[in-house]
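These notes concern the structure reproduced below.
The values are calculated or read from the model by the stated rules, or taken from the named source; none is laboratory data. The model shown is predicted, which means the values in this text are computed figures rather than measured ones. Here the Cβ positions follow ideal geometry from the backbone for every residue, glycine too, while neighbour counts run over all protein chains shown. Protein only, heavy atoms only, side chains kept; ligands, DNA and RNA dropped before computing areas. Shrake-Rupley method; radii C 1.70, N 1.55, O 1.52, S 1.80 Å.
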Number of protein chains: 2
Amino acid sequence: MGLIVQKFGGTSVANAERIQNVARIITDTYRQGNSVVAVLSAQGDTTDDLIEKAQEINPRASRREMDMLLSTGEQISCSLCAMAIEALGYPVVSLTGWQAGVQTNSTYSSAKIKKIRTERIQAELDRNHSIVIVTGFQGINKYDDITTLGRGGSDTSAVALAAALKADLCQIYTDVDGIYTADPRYVKGAKKLDEITFDEMLELASLGAQVLHNRSVEMAKKYRVNLEVLSSFTKKPGTKVKEVAKQMEKTQISGVAKDKNVARLALVNVEDKPGIAYKVFSLLGQKDINVDIILQSIGRGETQDISFTVKRSDADQAKELLEEHKASLGFDRIDVNKEVVKVSIVGAGMLENAGVAAKMFGALYDADINIHMISTSEIKVSVLLDESDANAAVQAIHDKFFEE
Amino acid sequence: MGLIVQKFGGTSVANAERIQNVARIITDTYRQGNSVVAVLSAQGDTTDDLIEKAQEINPRASRREMDMLLSTGEQISCSLCAMAIEALGYPVVSLTGWQAGVQTNSTYSSAKIKKIRTERIQAELDRNHSIVIVTGFQGINKYDDITTLGRGGSDTSAVALAAALKADLCQIYTDVDGIYTADPRYVKGAKKLDEITFDEMLELASLGAQVLHNRSVEMAKKYRVNLEVLSSFTKKPGTKVKEVAKQMEKTQISGVAKDKNVARLALVNVEDKPGIAYKVFSLLGQKDINVDIILQSIGRGETQDISFTVKRSDADQAKELLEEHKASLGFDRIDVNKEVVKVSIVGAGMLENAGVAAKMFGALYDADINIHMISTSEIKVSVLLDESDANAAVQAIHDKFFEE
């Protein structure tokens with residue numbers, strides 16, 4: 001008995017049948033004596049269809065009008081879901097972002113939530129004992145214009161509502177039934193985790209485990225919102241995301257992740273003078289190109305090599321940008337390798353267990369896989385490998401940690 | 001140079017190309033130095049598609065949620081149209097019903113506009129010199145819930161905005177290029193009218209000339225909004241609807257109209273006692289069944305017949321209702337004839353011209369067409385005929401008044 005915020009993504013509400021399924025999950029929760037606020041994304045491909053309509057008319061439409069257009073997607077899914085709940089005989093009301101009091105800044109298409117005025121939702125919950133369905137992904141700015149939150153926006157809406165309403169739990173329903181020790185589609189023996197910490201989740205999400213968007217996990221961590229990731233298609237319990245999680249017995253890590261959206265650039269024979277790394281990375285930063293792993297070779301006389309990774313989609317722009325400044329930076333050439341992949345292990349357990357990185361390197365050595373670059377943080381070890389080695393590497397590492 | 005409100009219906013914005021055409025009409029008007037507020041309906045079949053989606057989930061969905069759903073249609077067409085105007089390089093902003101300050105009562109699905117708070121629109125027009133695109137058909141009630149205005153709602157939105165903004169002209173763009181003396185698809189020699197009075201337009205609209213919805217004409221008459229009906233597909237001038245219109249030379253009527261949505265009921269051998277007509281029509285009135293033409297035969301001894309017309313779609317319900325009260329009303333049987341049609345002539349000129357009705361009956365007599373019932377008002381004469389005579393009757397009457 002408490003207040004539960006439930007979020008359902010686009011695949012969970014893709015058609016009439018699935019919306020009716022979501023209505024059953026919501027009303028089951030309500031019937032158990034809970035207050036329920038459900039946050040919905042737009043149905044399946046609705047957003048893409050609307051973007052296509054806009055492209056046909058004006059490929060450079062203003063973001064303000066794009067937000068006006070795209071926000072209709074959630075309004076449709078939410079009103080339909082409310083109708084499905086009405087059909088089951090429960091009190092329900094659907095609310096748009098502005099009706100739900102979601103106030104954002106004015107960065108159209110990637111707005112940030114500033115505040116949620118919860119009076120309306122609270123009144124619907126308390127006075128009318130209604131189930132409240134809220135459009136995810138959207139809000140309103142100080143000009144009373146509709147804004148959208150950008151990628152992962154509905155997760156963020158759900159967590160922000162859970163924080164503002166001081167909800168007991170925020171359940172993120174999706175098409176997978178939890179967080180796994182590795183991608184179960186590719187890795188034999190991948191296990192579902194019962195619990196995981198916010199920090200581990202953040203590292204996993206940034207590594208390409210696209211279950212939860214980082215923004216929403218960061219917000220959940222900040223406001224101590226208890227999260228649970230679970231499937232809308234099965235009735236199984238999912239994975240809880242918390243400040244401190246129970247470690248699975250005998251395991252030192254929570255998961256192994258693979259990130260293919262990566263490329264390596266190497267500046268060959270850079271003049272070995274002070275501030276060169278600073279110049280390179282501030283140039284890239286100005287164009288919003290994030291650099292991940294950096295390897296600066298030890299100077300061999302007057303020159304050295306600098307290697308670093310960027311998102312694969314940024315690689316060409318990064319190369320072009322550095323070529324433009326070839327004269328002032330002083331290097332021979334730039335090598336770009338897009339056929340690489342980053343494989344990482346993540347685990348709060350590493351903090352107390354020495355030798356975790358060594359165990360990972362050992363697994364790769366045994367599997368005869370070559371490591372190009374290494375990066376470590378408190379709860380993560382990442383290695384850069386040839387893309388062709390990726391799946392074998394993940395399996396070898398997973399076997400080493402979870403099967404032994 | 002002034003403030004012009006332009007309304008575009010669903011067929012005028014049905015696809016990308018037509019939206020771009022509408023954008024050109026709007027920007028042409030703006031470029032001539034006018035301030036422009038455009039009111040748009042949902043694209044083509046959008047509303048029907050949304051209704052179908054709702055039906056699939058819950059055939060008895062609440063009207064509140066239906067309005068939440070259906071209001072997205074105009075939001076889509078308006079944001080797309082704003083994008084098309086952006087592409088042409090003009091300042092523009094699209095506004096939903098609530099952003100535009102359209103306040104209604106709480107009769108979901110057929111709400112009435114109570115007030116329009118024009119501050120936002122006025123600011124966009126004055127401060128930003130923007131073209132303003134407003135969603136038709138919708139508003140917001142005192143609970144901050146979205147309402148829709150029901151049939152003909154976008155016309156009403158446009159006229160209400162024109163009244164509130166004290167616009168110089170309200171142009172209703174549609175798929176016909178004006179009001180005709182008869183339906184040009186069926187009547188040879190039908191002519192477009194340059195001008196028509198509000199009262200004539202009201203009579204014509206209620207008779208099935210479905211160009212303008214009565215609600216919008218009534219509102220235009222009440223607030224003295226100059227209307228013009230014209231086509232978004234041609235560049236021709238349309239028909240102006242005003243308080244006093246120039247009469248076309250030599251013509252006594254403005255038009256001939258045909259209404260097929262009619263049925264005749266006859267109560268046969270009703271007891272000839274006081275108050276019987278009152279009882280019959282108040283019974284029907286309680287069920288929102290409107291009675292149009294009424295014919296009470298002269299008493300033949302102790303019984304008489306009462307004939308009247310209702311909408312064809314109401315006929316079965318009316319019969320059923322009266323059968324239920326057969327004992328108290330006291331009649332032998334009810335005859336229902338659905339194969340009838342109402343043909344009418346309308347014209348402010350009748351007020352000053354005697355013999356207009358006689359001329360109409362003469363035309364029907366010459367064409368050997370039998371009249372079942374007759375009804376007259378100050379500016380209208382209607383006759384009930386067999387449906388099979390309808391087209392010949394309209395042509396004969398039209399020839400008599402416009403060809404001679």
Problem - Matching residues in the stretch A:53-88 - criterion: being charged (D, E, K, R), in a helix (DSSP H, G or I) and either within 9 Å of chain B (Cβ to nearest Cβ) or more than 21 Å from B:ASN58 (Cβ to Cβ) (or both) - result: A:LYS53, A:GLU56, A:ARG63, A:ARG64, A:GLU65, A:ASP67, A:GLU86
Practice task
Give me a count of the residues in the stretch A:21-46 that are surrounded by fewer than 20 Cβ atoms within 10 Å (Cβ to Cβ) and within 14 Å of another protein chain (Cβ to nearest Cβ).
Solution key: 5
Completion exercise
Flagged in the stretch A:368-404 as of a type in the set (Ser, Thr, Tyr), more than 11 Å from A:VAL340 (Cβ to Cβ) and surrounded by fewer than 20 Cβ atoms within 10 Å (Cβ to Cβ), in numbering order, are A:SER375, A:THR376, A:SER377
Exercise for the section: Return the residue satisfying two criteria in turn: it lies in the stretch A:273-298 and is buried (at least 16 other Cβ atoms within 10 Å of the Cβ) and in contact with a Gly (Cβ under 9 Å, 6 or more places away or on another chain), and of such residues it is modelled with the lowest pLDDT. Expected result: A:ILE276
Handout entry: Boolean, A:ASN391 is assigned to a loop (DSSP other than H, G, I, E, B) and polar (S, T, N, Q)
Key = no
Exercise for the section: Take the stretch A:47-57 and flag every residue that is touching a residue at least 12 places away in the same chain (Cβ under 8 Å) and open to solvent by 30 Å² or more (accessible area, probe 1.4 Å). Expected result: A:THR47, A:ILE51, A:LYS53
Problem - Lone unmet requirement of (1) loosely packed, with under 15 Cβ neighbours inside 10 Å; (2) closer than 19 Å to A:SER382 by Cβ for A:GLU323 - result: (2)
Fill in the blank from the handout: Taking the stretch A:89-131 and the residues there that are in a loop (DSSP other than H, G, I, E, B), open to solvent by 20 Å² or more (accessible area, probe 1.4 Å) and free of Cβ contacts under 8 Å to residues at least 24 places away in the same chain, the one that is nearest to A:ALA164 (Cα to Cα) would be A:ARG117
Problem - Residues satisfying the stated conditions in the stretch A:156-204, i.e. surrounded by fewer than 23 Cβ atoms within 10 Å (Cβ to Cβ), at pLDDT 95 or above and not aliphatic (A, V, I, L, M) - result: A:LYS166, A:ASP168
